[in-house]
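Accompanying notes for the structure given below.
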Amino acid sequence: MFATIAAILFGIALLLEVIGQSFPDLVTTWTLTLAGLPFLALHMAGYGTRSWGRR
């Protein structure tokens, strides 16, 4: 779940970078990248995964 959110944020950042657009003083590619990094870190730490293990 967190990896999906991070991928969406990184995709939007890449799209804005490619077309050269940003929303003034609110959302830039750097802002979206920094917003995606905590979600990526949470995913790598194991949060948001659906592995319940064996019973």
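For the reader, a short list of remarks on this structure follows.
- All conditions in (1) modelled with pLDDT under 80; (2) more than 21 Å from Met1 (Cα to Cα); (3) not polar (S, T, N, Q) hold for Arg50, with the sole exception of (2).
- Listed by first and then second residue, the pairs with beta-carbon distance under 7 Å, at least 6 apart or on different chains, first residue in region 1-20 and not aromatic (Phe, Trp, Tyr), second not in a helix (DSSP H, G or I), are Met1/Gly48; Leu16/Ser22.
- Output for region 1-29, where each listed residue is of a type in the set (Gly, Ala, Ser), at pLDDT 80 or above and part of a loop (DSSP other than H, G, I, E, B): Gly20
- Which numbered condition Thr31 misses (of (1) surrounded by 12 or more Cβ atoms within 10 Å (Cβ to Cβ); (2) among the hydroxyl-bearing types (Ser, Thr, Tyr); (3) more than 11 Å from the chain's Cα centre (by Cα)): (3)
- The number of residues in region 2-17 being touching a helix residue (DSSP H, G or I) at 6+ places or on another chain (Cβ under 6 Å) and aliphatic (A, V, I, L, M) comes to 7.
The values are calculated or read from the model by the stated rules, or taken from the named source; none is laboratory data. Here the structure is a predicted model, which means the values were calculated and not measured. Cβ: placed from backbone, ideal geometry, glycine included. Neighbour counts: every protein chain shown.
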